[in-house]
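Beneath this line is the structure, given in structure tokens, with notes to follow.
Rule-based calculations on the coordinates, nothing more; no lab input. Just so it is clear, the model here is predicted, and its values are computed rather than measured. Positions of Cβ are backbone-derived with ideal geometry, glycine not excepted, and every protein chain shown enters the neighbour counts.
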Amino acid sequence: MPSRSILALPFLLAPLAAGPVVVPVPALAQSAGEAQLAPSGTRLAQEAPELQAVFEAMGVYEILGVMSSEGLEAATGIEDDMFPGQGGGAWRAVVAGIYATDRMIARFEDGVPVERMTPEIVAELQDFYDSPLGQRIARGEVEGRQALLDPGVEEAARALARQQAAEGTERMELLRAFSVANDFVERNVAGALNSNFAFYRGLSDGGAFETEIPQELMLAEVWGQEAEIRRETTEWLFGYQVLAYEGLSDAEMARYVEMSETEAGQVLNAVLFQAFDVLFDDVSYQLGKAAATFIAGEET
């Protein structure tokens, strides 16, 4: 994301909610249709405003708003699967707090390894995302993510990706090159497994199990999900990319692939994955711990 939350931007890619996978602050998540600007008073605003400006130009904060909406939707499934009919408004309030956009932004920024983003890299990225092509790429990525909130749109995008893959189109070859250059599938699969493990740790720490569950058993359960996570990640990823980049020519898409292969693009990709891993692990752990409370039937 989730399956976990897939993102795209040269970085993370899949939706956020660990398998059977929030802090009780009943805040409403921002609507996916609203623009989310870089926040003031946060870590990056104080320590690295130039880097925060790059993330804003890329649409990172807007995508975090969309991911908040994705999480709220996914949380309904957690209740249905793990404590049906026992959550109600209390569960929704807890989940809204965990997926509150400002909280997610803070966790994301906490995970950013600022020292890796040198002034030269930041300037190069800012130039790219300030360009007409960069702006169109960022807008397409945000709008594509927003569109996938509609299950019908998501299924249509996946079907189109499967068709293009079967036909061996130039666009699909470019999307594969883009994914390979950024190691999207492997990074997302690894991140999803880690997030699911964090969810199980939250369940355990929250008292969901009558006896203590060894970590080895949790890890075995998580690894048993690897094949399904890989399949889901791959399908989601290419469906999303087909939709997000439909407004680009093949030549423009090739230019984006080239940018992602530069030192600046590779550093950006690694930095974003690291930051989102911190966010996802935190959210998944908190979801597990909160779910444990409802499973145990305790007051919240």
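At a glance:
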quantity: Estimated vicinal HN-Hα couplings, Hz - the range 168-177 in sequence order (Karplus 6.51, -1.76, 1.60; Gly, Pro = x); calculated: x, 5, 4, 4, 5, 4, 5, 5, 5, 4
quantity: Calculated from backbone phi, Karplus (6.51, -1.76, 1.60) coupling profile of the range 68-84 in Hz, x at Gly/Pro; calculated: 4, 5, 4, x, 4, 5, 5, 5, 4, x, 4, 4, 4, 7, 10, 8, x
quantity: The range 43-295 - Kirkwood radius from inverse mean 1/r over Cα pairs (Å); calculated: 19.5
quantity: D127/A165 FRET efficiency (R0 41 Å; Cβ-Cβ; nearest 0.05); calculated: 0.75
quantity: Karplus-derived 3J(HN,Hα), 6.51/-1.76/1.60, for each residue of the range 256-268, Hz, glycine and proline x; calculated: 5, 4, 4, 4, 5, 8, 6, 4, 4, x, 5, 5, 4
quantity: The chain, helix-only ellipticity at 222 nm - DSSP H runs n ≥ 4, -39,500 (n - 2.57), divided by all residues, nearest 500; calculated: -23000 deg cm²/dmol
